[in-house]
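Contents: one structure, followed by commentary.
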Amino acid sequence: MLIISHLIWVIEHEAQPGVFTSIRAAMWWSVTILTTVGCGEIVSIMGIGWVLAMFVTLLGVALFAMSAAILASGFIEEVGQLPAQHYLCPNCGHVIVEGGHAHSPDERAAT
């Protein structure tokens, strides 16, 4: 993020000295772009700045999507290891499976 902040400051400071006033302002830009929030106060106007902004946005989406996928995968794996509990519906007598994986009667007999 420091490298991205420095790059955008070098690219945009000369064109927008009132907007990209310091590395700190450029860091605010990189945080809002990386998290894909975008505040609209600080925007790039140079073509190479737009390319950098697109790259950083895609990087942010990839980082957050990847971490969310890893967490979801781990959660599903942990839930799948729980033993399934079976209940009978008091009204109709159907089997209700809670937690774990629902198996067919043949798979249950094999285990």
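What follows draws every value from the coordinates through simple rules; no lab data is involved. As the structure is a prediction and not an experimental result, all values here were calculated from the model. Note: ideal-geometry Cβ built from the backbone for every residue, glycine included; neighbour counts use all protein chains shown.
Remarks
- Residue order, fewest to most surrounding Cβ atoms within 10 angstrom, among Trp50, Trp29, Trp9: Trp50, Trp9, Trp29
- Helix 23-34 and the longest principal axis of the C-alpha atoms of the chain enclose an angle of approximately 30°.
- Between Met54 and Gln81, the simple label model (points 7 Å from Cα in the Cβ direction) yields a spacing of 4.3 nm.
- With 0.36 nm allotted per residue and the present C-alpha distance subtracted, the Leu63-Ala15 stretch has 14.3 nm of extension available.
- Dipole of the chain, positive direction: furthest Cα of Leu34, His94, Ser67, with charges on the beta-carbon: Leu34
- From its DSSP helices (H runs of at least four residues, each -39,500 (n - 2.57)), the chain gives a residue-normalised ellipticity at 222 nm of -19000 deg cm²/dmol.
- Table column - 3J(HN,Hα) (Hz), the range 48-61, Karplus curve with 6.51, -1.76, 1.60, x for Gly and Pro: 5, x, 5, 5, 4, 4, 5, 4, 5, 5, 5, 4, x, 4
- Considering all C-alpha pairs of the chain, those separated by over 20 Å amount to 58%.
- Net +/- balance of residues flanking Ile42 in space, Cβ distance below 13 Å, scoring K and R +1, D and E -1: -1
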